[in-house]
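Have a look at the structure below before the remarks.
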C-alpha cells in the first residue's frame, strides 16, 4: 500500500518514519514535507491546503491511505474532500475539527454535554473583556479563540498581564482572525496531561497519556 502524509513538520516526520516501517506499506509520500524526511519518504511539491492537487495526486498514485497531520487542512475540509472522491483518509471531518479550531466551540461542547472544564466566558469586545478580568481577578487565562501556532494562550498571573494580552489579541489582532474573539478561562493549577484516542463511530481506543512540560 502507498501512503500519503499531508504536512511538513516534526509530527509528520515521525509519522512517516513509523509508517515506513510497516510491512504493509510499500512507499510513503509526504506533501509538502521537508528535506529532513527524504530518508524515509518521497517529497511531493504540493501545499497542504491545495486540496484539488492533493486529491489528484492521490488518485494518480493510487494512494491506499492518506494521513493528515496539521490542523489547518483539517479545518479546511481536506478529509471531506477526499471522502467525497472515495479516497481513504485518516483524520476528523471539518465539523469535528472545529473542536481544535475554535476554543469557544470546544468549551460550548463541554458545557452542553457536562464534560468537566474550567469556567469561562467568550468576548470579542475589549472593554467587556477587561471588565470581566477585573471582576474575576488574577491569575486567569487568556486564549485566542482560533489557531495561533501554539502561541495563543497567556497564563496571566496579574490583572495587568491579562489586560495587556487582551489588548494584543483584540485591539492589535496579534494572531489575525484567530484572536478576533478570546476565551477567558479560570486558572486551574496542577499537572497537565494530554490523552488522545482513536475514534470511529462508537469505538474509542485510548493512547498512552503524556505529561506536558511547557517550560522545556
Choice from 41, 156, 84 with maximal GNM fluctuation in the chain (Cα, 10 Å cutoff): 84
Among 149, 129, 31, whose mean-square fluctuation peaks in a Gaussian network model of the chain (Cα, cutoff 10 Å)? 149
Just to confirm the number: angle between the C-alpha axis of helix 10-19 and the first principal axis of the chain, 0 to 90 degrees, nearest 10? 40 degrees
With a Förster distance of 22 angstrom and the Cβ-Cβ distance between residue 49 and residue 100, calculated FRET efficiency to the nearest 0.05 equals 0.85
If you take every DSSP beta bridge whose two residues both sit in the chain, what share of them, in percent to the nearest 5, is antiparallel? 60 percent
Inter-label distance for residue 204 and residue 90, nm, one decimal - labels placed 7 Å from Cα along Cα-to-Cβ: 2.1 nm
In the list [x] 0.95; [y] 1.03; [z] 1.05, the entry giving Rg/Rh (Cα atoms, Kirkwood Rh) computed from the coordinates is [y]
Per-residue [θ]222 nm for the chain (sum of -39500 (n - 2.57) over DSSP H runs n ≥ 4, rounded to 500): -9000 deg cm²/dmol
By how many degrees, 0 to 90 and rounded to 10, does the Cα axis of helix 51-60 deviate from the longest principal axis of the chain? 20 degrees
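Every number in this text was worked out from the coordinates using simple rules, so none of it is lab data. Keep in mind the model is a prediction, meaning the values are calculated, not measured. As a convention, Cβ positions derive from the backbone with ideal geometry for all residues, glycine included, and neighbour counts pool all protein chains shown.
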